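Chemist: If you scroll down you'll find the structure; I have some questions about it.
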Amino acid sequence: MNKNILEIIGLDFSEEQKSLVVAELSSIKLSHVMANSEYNLNNTRHAILKLSKGDLNEVVELTKAAKIDFRDVIMWASQEQ
């Protein structure tokens, strides 16, 4: 998990939730993103954090969606104002 993602988690989630968020985001593997790309993986995790707005339940739901098609969460995040 990259440093920037961990910093966002630290800011957006409570101490009790941090390890759960890390575990959930860590469940998204390179095999879930196109071309086994580290860039796509990090972009997907960033999108989930942006969309979840500190809501652990949203992280869980968005992670499920990303495992089906990671491009969906990236697109949703890009449309977010």
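The values are calculated or read from the model by the stated rules, or taken from the named source; none is laboratory data. Computed from a predicted structure; not experimentally measured. Cβ sites come from the backbone with ideal geometry, for glycine too, and all protein chains shown count toward neighbours. Areas reflect the complete protein model, heavy atoms only, side chains present, ligands, DNA and RNA absent. Shrake-Rupley method; radii C 1.70, N 1.55, O 1.52, S 1.80 Å.
Chemist: Determine ³J(HN,Hα), in whole Hz, for all residues of region 31-40 in sequence, where each value follows from phi through the Karplus function 6.51 cos²θ - 1.76 cosθ + 1.60 and θ = phi - 60°; x replaces Gly and Pro.
Modeler: 5, 7, 10, 4, 6, 6, 8, 4, 4, 5
Chemist: Report the full-extension gain for the segment GLU15 to SER27: residue separation times 0.36 nm, less the Cα-Cα distance, to one decimal in nm.
Modeler: 2.4 nm
Chemist: Express the accessible area of the chain per residue in Å², computed with a 1.4 Å probe while the remaining protein chains stay in the model.
Modeler: With the other protein chains kept in place, the chain gives 59 Å² per residue.
Chemist: Need the full-extension length gain, SER37 to MET75, defined as separation in residues times 0.36 nm minus the C-alpha distance. One decimal, nm.
Modeler: Here the segment from SER37 to MET75 would lengthen by 12.0 nm.
Chemist: If you don't mind, another one. Using a 10 Å cut-off on Cβ atoms, rank the peptides 66-78, 27-39 from the highest mean neighbour count down. Don't skip to the answer; put the middle values down first.
Modeler: Values: 66-78: 16.5, 27-39: 12.9.
Most protected by this proxy first, the peptides run 66-78, 27-39.
Chemist: So if I average 1/r over every pair of distinct C-alpha atoms in the chain and take the inverse, what Kirkwood radius in Å does that give?
Modeler: About 12.3 Å, per the Kirkwood formula over Cα pairs.
Chemist: Taking a probe of 1.4 angstrom, what is the accessible area of LEU11 in Å², to the nearest 10?
Modeler: For LEU11, the solvent-accessible surface is approximately 150 Å².
Chemist: For the chain, take the longest principal axis of its alpha carbons; what is the angle in degrees between that and the long axis of helix 70-79, to the nearest 10 within 0 to 90?
Modeler: Helix 70-79 and the main axis of the chain meet at about 70 degrees.
Chemist: Additional query: Over the chain, what is the mean sequence separation of C-alpha contacts under 8 Å (at least six apart), divided by residue count, expressed as relative contact order in percent?
Modeler: 31 percent
Chemist: Further, regarding this structure: Rounded to the nearest 500, what is the 222 nm mean residue ellipticity of the chain from helices alone, with -39500 (n - 2.57) per DSSP H run of 4+ residues and division by all residues?
Modeler: Counting only the DSSP helices, I get -23000 deg cm²/dmol.
Chemist: On to the next question. Could you look at the chain and say what percent of its accessible area is carbon and sulfur, using a 1.4 Å probe and all protein chains?
Modeler: C and S atoms contribute 53 percent here.
Chemist: Quick check: residue separation of ASN2 and ASP55 times 0.36 nm, minus the Cα distance between them. What number comes out in nm? Present the calculation step by step, with values, prior to reporting the outcome.
Modeler: Details: separation 53, 0.36 × 53 = 19.08 nm, distance 2.02 nm.
Extra length available between ASN2 and ASP55 comes to 17.1 nm.
Chemist: In degrees between 0 and 90, to the nearest 10, how far off the longest principal axis of the chain does helix 3-12 point, with axes built from Cα atoms?
Modeler: Here the helix axis deviates by roughly 50 degrees.
Chemist: Can I ask one more? Using the alpha-carbon atoms, what tilt in degrees (0 to 90, nearest 10) does helix 15-26 show relative to the longest principal axis of the chain?
Modeler: Once rounded, the angle reads 10 degrees.
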